[in-house]
Amino acid sequence: MIAIIDYDAGNIKSVEKALLFLGQEVEVTGDKETILAADKVILPGVGAFGDAMATIRERGLEDVICEVADKGTPFLGICLGLQLLFERSDEAPGVQGLGILKGEILKIPEKEGMKIPHMGWNSLHLENNGKLFRGIQEGAYVYFVHSYYLKAVDEQIVKASTDYCTHIHASVEQGNVFACQFHPEKSSDVGLRILKNFVEL
């Protein structure tokens with residue numbers, strides 16, 4: 001069973017729908033025991049970093065997420081779910097992230113002729129043999145919606161990057177923890193293959 005953590009963020013339904021399409025048993029839940037008992041766990045989300053961390057802490061989910069990461073259960077953060085795994089964000093100065101991975105979330109710099117938020121399809125540069133990208137071609141297009149981007153401390157955990165106003169770390173893997181800034185559930189066949197690679201870990 002795959003647990004999708006429910007913390008009132010947007011976009012949870014589309015992740016659930018994509019996993020059901022792949023034939024998976026899915027439960028959207030905020031229950032600690034259900035999350036800890038799951039075979040795999042996903043933290044999706046669209047929303048604000050500060051509000052999301054406040055909700056996660058209010059509901060006692062911070063310790064649960066850290067426990068899942070520590071015990072080796074495959075864990076996937078998507079969009080805001082990627083950002084929350086890191087230490088801090090320009091979006092919410094003074095708010096500590098989960099700190100499971102080392103790095104910071106920065107505001108996408110303005111560049112003439114380019115809109116922020118970054119919303120749309122961008123190609124990926126694949127690097128460091130990411131498990132999520134088995135069978136995915138270099139330059140494959142995926143769908144992004146974000147105004148902030150990841151700069152990871154350790155470049156070796158970066159498995160895909162893209163360029164939009166700046167160089168963006170688009171996907172990371174460290175041990176059992178995986179994360180994508182883009183939305184695999186909205187990225188057509190490429191995204192479904194990425195999700196399939198996760199469920200097959």
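The values are calculated or read from the model by the stated rules, or taken from the named source; none is laboratory data. Remember, predicted model here, so these are calculated numbers, not experimental data. Methodologically, a virtual Cβ is constructed for each residue, glycine included, from the backbone with ideal geometry; neighbour enumeration extends over all protein chains shown. What goes into the accessible areas is simple: the full protein's heavy atoms, side chains included, and nothing from ligands, DNA or RNA. Shrake-Rupley method; radii C 1.70, N 1.55, O 1.52, S 1.80 Å.
Could you grab me the full set of residues in the range 140-170 that are outside any strand (DSSP E or B), within 23 Å of Val199 (Cα to Cα) and touching a strand residue (DSSP E or B) at 6+ places or on another chain (Cβ under 6 Å)?
Of everything in the range 140-170, just one residue is outside any strand (DSSP E or B), within 23 Å of Val199 (Cα to Cα) and touching a strand residue (DSSP E or B) at 6+ places or on another chain (Cβ under 6 Å), namely Ile157.
If only one of Ser147, Ser187 is buried (at least 22 other Cβ atoms within 10 Å of the Cβ), small (Gly, Ala, Ser) and in contact (Cβ under 8 Å) with a residue 40 or more places away in the chain, which one is it?
Working: Ser147 fails: buried (at least 22 other Cβ atoms within 10 Å of the Cβ).
After ruling out the rest, the residue left standing is Ser187.
With the requirement that a residue be in contact with a helix residue (DSSP H, G or I) (Cβ under 9 Å, 6 or more places away or on another chain) and part of a loop (DSSP other than H, G, I, E, B), what does the range 171-201 give you?
Gly175, Asn176, Gln181, Phe182, His183, Ser187, Leu201
In the range 21-36, which residues are more than 13 Å from Ile2 (Cβ to Cβ) and within 18 Å of the chain's Cα centre (by Cα)?
Listed by number, the list holds a single entry, Gly30.
Among the residues of the range 118-138, is there at least one that is within 30 Å of Arg57 (Cα to Cα), open to solvent by less than 70 Å² (accessible area, probe 1.4 Å) and either out of contact with any helix residue (DSSP H, G or I) (no Cβ under 9 Å at 6 or more places or on another chain) or without any contact (Cβ under 8 Å) to a residue 40 or more places away in the chain (or both)?
There is at least one residue in the range 118-138 that is within 30 Å of Arg57 (Cα to Cα), open to solvent by less than 70 Å² (accessible area, probe 1.4 Å) and either out of contact with any helix residue (DSSP H, G or I) (no Cβ under 9 Å at 6 or more places or on another chain) or without any contact (Cβ under 8 Å) to a residue 40 or more places away in the chain (or both).
Could you pull out the residue among Asn176, Asn197 that is closer than 19 Å to Gly81 by Cβ, touching a residue at least 60 places away in the same chain (Cβ under 8 Å) and open to solvent by 30 Å² or more (accessible area, probe 1.4 Å)?
Details: Asn197 fails: open to solvent by 30 Å² or more (accessible area, probe 1.4 Å).
From the options Asn176, Asn197, the qualifying one is Asn176.
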